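Down below is the structure, laid out as structure tokens.
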Amino acid sequence: MITYIIRRLFAAVVLLFIISAATFSIFYLVPRLVGSTPETLATRYVGRAATPETVHLIAEKLGFYDPIWLQYGRWVKGIFFGADYDLGATVEHCPAPCFGYSFITKTPVWPDLVDRIPVTLSLAIGAAILWLIFGLSIGTLSALRRGSFLDRAAMTFSLAGVSLPIFFTGMIGLLVFSYKLGWTAPGGSYTDFTESPSAWAYALLLPWIVLALQFSAQYARLTRAGMLETMGEDYIRTARAKGLPERDVTVKHGLRAALTPILTIFGLDFGLLLGGAVLTEQVFSLPGLGKYAVDAITNNDLPKVLGVTMMAAFFVVIANLIVDLLYAVVDPRVRLG
Amino acid sequence: MPDGQAFLEVKDLKIHFPTDDGLVRSADGLSFKLERGRTLGIVGESGSGKSVTSLGIMGIYNKRNSQISGEIWLDGDEIVSAGQETVRKLRGNKLAMIFQDPLSAMHPYYTVGHQIIEAYQVHHNVSKKVARKHAIDMLGRVGIPQPDRRVDDYPHQFSGGMRQRAMIAMALVNDPQLLIADEPTTALDVTVQAQIMDLMHDLQAEFNSALIVITHDLGVVAELADDVLVMYGGKCIEYGSASTIFERPEHPYTWGLLGSMPRMDRPTQDRLVPIPGSPPSLINLPQGCAFSPRCAYEPQTGGLGTTVPPELVRAGGSNHLVRCHLPTEERQRIWAEEVKPKLEAQ
Ligand SMILES: Nc1ncnc2c1ncn2[C@@H]1O[C@H](COP(=O)(O)OP(=O)(O)OP(=O)(O)O)[C@@H](O)[C@H]1O
Ligand SMILES: [Mg+2]
């Protein structure tokens, strides 16, 4: 078990390095492909007013002429030890962990990310709780009453839920529940939990529901399929032969087994969401990582985009790691070989 | 209990499944009796309805996709008409079941001990500690070495034979009075098969339970059974004491089964003579006798075999029933003069 954990941890670290190198290369190459030169990149830091000589000097000081692997090495070093950005007039210090320095807002990226993580985390956790509760129970009931009216209604509804995009359901939700009925908060009213838990929940209620709607639909279908399979297994027959009440047969034996593959998908979904629920945050103007990414892209703020991308990758890798470890807890055949 | 009623009495049991292709008559009018301390062997090829029948007795069927009728009397109580909750409380308690493939029949995510404890606690209001002690005790009795340690193992950590022992421990944990074993040894290799059969035999004597052994292997039946019921296409086609069935069988299908029976005392090369043809589809049973398309003696029925379904009637032996159009004397003659010498010469 210990070696299993160590192996997984090691793999996760290696994976993060590979992802960071790949991401960095993309952000290094793409601007050059569309015609940017070290000088144009440097111009962003010092402003258009600077003379070509200054620009050239700054580009040199920022290391824009260096080969890619050197620049990558410096970027990684910044994460661990911090970095200094010499802009000629001033030298900006970006303390560790330095995930880049925005030349547009003239701020390090990391504090921004730290500010936004709680928003995205709040959104993701709340929605996940909702979609797990609804998805699993609707899916289970559907499987048990396969072919019934309830099953067909649930599956039709969930097909709609899967296929309707967030920006559609989100807009409709805002229109009806916030503006017409006034039951939920309008967009852009996010408040920190520490400031006011009730305002926090009020602002997030509709985003949670809208996000959960889509995932519940998907999880209901997954759960239904999984339950249909496990409820036909021999060990279910054994559980019945023991005289277990049908509820225990379903939950302790059926659902328990059906949950394992769902756990994997949940880990991935949740990890992806932590990297930024882009559409939801955009529709509801929630200042999370997703909205941060969209804003950074709109402003062509490459260091920010790179930072938030790394953050997202980090969450996905960590979520996968946790799923792998949970798998071992859940499935003794993994744990004990 | 009404006078003369056996411990287990099944009367005209029918279990049918309506499907899109038609009505599947998996069990079609079965009747038999069994006393405590006795063993009934139910034999038949794959698909003859053995498992459906045993699950029916256990009350494990889905009312939404099956139709069940007839009577099952267990110790004076009728189960077919009883409420689901009543039957559930009997299940695993007064009547228990062992399944064919012990690996898939155990939950992969729970320890063997957990699964036995669960079986005990459903029917006994005791603490986990007490139930665990009981589970360890049971594992020891079915011959698991170091049961106090193995109790925390998962099914995949057990060998095939040990798994089946654990299944038996799980089934016997509540001292059931009726035990149904559905092909308990099919998934095991030969030496382990013998051990498991010995174990079941000993435990049955110890618990004085009624035992139903379901198998397509007459060798198992010869070893364990007092009575034998031969099933074909959901129906009983021959029923009698084990000595009757092995020494004076009257149904051509039973002859075929005996001919295909593995014999320990014979060289292996020439022991298997399969019955020609394949088991019937339960939806479109052949006209007349279900076995007629595969029966070598069908021409001797004068056309009855393919037109009229035979009734289950008294045969030569005492308490011996057979479902065949051939006259009793003719069957006895064929057995004595044609089939028996051939089997012995094999
Ligand atoms: N739920 C069901 N719906 C339709 N048909 C069914 C159902 N359950 C069982 N059957 C049919 O009933 C027949 C008898 O099945 P059963 O499992 O009792 O056979 P068996 O004698 O136990 O065979 P085996 O030796 O292979 O275990 C089979 O043809 C099977 O297809
Ligand atoms: Mg079977």
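The values are calculated or read from the model by the stated rules, or taken from the named source; none is laboratory data. A quick note: this is a predicted structure, and the numbers were derived from the prediction, not measured. Backbone-built Cβ (ideal geometry, glycine too); neighbour counts: all protein chains shown. Heads up: the accessible areas ignore ligands, DNA and RNA and are worked out on the full protein's heavy atoms, side chains in. Shrake-Rupley method; radii C 1.70, N 1.55, O 1.52, S 1.80 Å.
For segment A:241-262, name all the residues that are facing chain B (nearest Cβ under 7 Å) and touching a residue at least 24 places away in the same chain (Cβ under 8 Å).
Hit for segment A:241-262 is A:A257, nothing else.
Any residue in segment B:42-55 that is more than 14 Å from chain A (Cβ to nearest Cβ) sitting within a Cβ distance under 6 Å of a residue that is in a loop (DSSP other than H, G, I, E, B) and more than 6 Å from ligand 1 (Cβ to nearest atom)? List the pairs, counting only those 6 or more apart or interchain.
The qualifying pairs are B:E45/B:P279; B:G47/B:P279; B:G49/B:G234.
Can you confirm whether segment B:59-69 contains a residue that is assigned to a strand (DSSP E or B), open to solvent by 10 Å² or more (accessible area, probe 1.4 Å), away from ligand 2 (no atom under 14 Å from the Cβ) and not small (G, A, S)?
yes
Please go through segment B:15-39 and give me each residue that is crowded, with 17+ Cβ neighbours inside 10 Å and under 16 Å from the mean Cα position of the chain (by Cα), ordered by number.
Result: B:I15, B:S26, B:A27, B:D28, B:L30, B:F32, B:K33, B:L34, B:R38, B:T39.
Filter segment B:81-116 for residues that are within 16 Å of ligand 1 (Cβ to nearest atom) and either of a type in the set (D, E) or touching a strand residue (DSSP E or B) at 6+ places or on another chain (Cβ under 9 Å) (or both) and give the result.
B:M97, B:I98, B:F99, B:Q100, B:D101, B:A105
Looking for something aliphatic (A, V, I, L, M) and under 17 Å from the mean Cα position of the chain (by Cα) - is there at least one such residue anywhere in segment B:75-91? Write out each step before concluding.
Quick first cut of segment B:75-91, residues aliphatic (A, V, I, L, M) only: B:79-80, B:82, B:87, B:90.
This time we only want the ones that are under 17 Å from the mean Cα position of the chain (by Cα), so: none.
No - not one qualifying residue is present in segment B:75-91.
Does any residue of segment B:29-46 turn out to be touching a His at 6+ places or on another chain (Cβ under 7 Å), closer than 14 Å to B:A181 by Cβ and not aromatic (F, W, Y)?
Taking every residue of segment B:29-46 in turn, at least one turns out to be touching a His at 6+ places or on another chain (Cβ under 7 Å), closer than 14 Å to B:A181 by Cβ and not aromatic (F, W, Y).
Mind listing whichever residues of segment B:295-314 are part of a loop (DSSP other than H, G, I, E, B) and surrounded by fewer than 16 Cβ atoms within 10 Å (Cβ to Cβ)? Explain how you work it out, then say what you get.
First, the residues of segment B:295-314 that are part of a loop (DSSP other than H, G, I, E, B): B:295-297, B:302-303, B:307-312.
Listed by number, the residues that qualify are B:A296, B:G302, B:G303, B:T307, B:V308, B:E311.
One line per residue, one yes/no per condition, for (1) in a loop (DSSP other than H, G, I, E, B); (2) near ligand 1 (Cβ under 8 Å from one of its atoms); (3) under 17 Å from B:L90 (Cβ atoms):
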| residue | (1), (2), (3) |
| --- | --- |
| B:V10 | no, no, yes |
| B:I15 | no, no, no |
| B:A27 | no, yes, no |
| B:S31 | no, no, no |
| B:I42 | no, no, no |
| B:W73 | no, no, yes |
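Which of the residues spanning segment B:229-244 are crowded, with 24+ Cβ neighbours inside 10 Å and closer than 17 Å to B:R38 by Cβ?
Correct list: B:L229, B:Y239, B:G240.
Inside segment A:292-331, can you point out the residues that are touching an Asp or Glu at 6+ places or on another chain (Cβ under 9 Å), touching a residue at least 60 places away in the same chain (Cβ under 8 Å) and not hydrophobic (A, V, I, L, M, F, W, C)?
A:Y292, A:D301, A:K304, A:G307
Can you tell me how many residues in segment B:289-346 are of a type outside the set (S, T, N, Q), more than 19 Å from B:G29 (Cα to Cα) and in contact with a Ser or Thr (Cβ under 7 Å, 6 or more places away or on another chain)?
Here the count works out to 5.
Hand me the list of helices (runs of 4 or more DSSP H) wholly inside segment B:118-208 holding 3 or more residues that are aliphatic (A, V, I, L, M) and more than 14 Å from chain A (Cβ to nearest Cβ).
B:128-141, B:190-207
Among the residues of segment B:183-199, which ones are touching a residue at least 40 places away in the same chain (Cβ under 8 Å) and either surrounded by 22 or more Cβ atoms within 10 Å (Cβ to Cβ) or of a type in the set (K, R) (or both)?
The answer is B:P184, and nothing else.
Just one of A:E60, A:E92 is assigned to a helix (DSSP H, G or I), out of contact with any Leu (no Cβ under 8 Å at 6 or more places or on another chain) and open to solvent by 20 Å² or more (accessible area, probe 1.4 Å); which is it?
Unique residue meeting the criteria: A:E60.
Please go through segment B:39-76 and pick out each residue that is in contact with a strand residue (DSSP E or B) (Cβ under 6 Å, 6 or more places away or on another chain) and basic (K, R).
Correct list: B:K50 only.
Do we find that B:V213 is within 16 Å of ligand 1 (Cβ to nearest atom), more than 14 Å from every other protein chain (Cβ to nearest Cβ) and closer than 17 Å to B:L55 by Cα in this structure? Spell out the reasoning first.
Values: within 16 Å of ligand 1 (Cβ to nearest atom): yes; more than 14 Å from every other protein chain (Cβ to nearest Cβ): yes; closer than 17 Å to B:L55 by Cα: yes.
Yes, satisfied.
In segment B:44-62, which residues are near ligand 1 (Cβ under 8 Å from one of its atoms) and β-branched (V, I, T)?
Passing the criteria: B:V52, B:T53.
Quick check on B:A96: is it in a helix (DSSP H, G or I), within 14 Å of chain A (Cβ to nearest Cβ) and buried (at least 23 other Cβ atoms within 10 Å of the Cβ)?
no
Please find, among A:G226, A:G232, A:G290, the residue that is small (G, A, S) and open to solvent by 50 Å² or more (accessible area, probe 1.4 Å).
Checking each option against the conditions leaves just A:G232.
Within segment A:61-119, can you find the residues that are farther than 30 Å from A:E195 by Cα and of a type in the set (D, E, K, R)?
The answer is A:K61, A:D66, A:R74, A:K77, A:D84, A:D86, A:E92.
Taking the residues in segment A:95-120 that are assigned to a loop (DSSP other than H, G, I, E, B) and aliphatic (A, V, I, L, M) as candidates, determine which candidate is most open to solvent (accessible area, probe 1.4 Å).
A:I104
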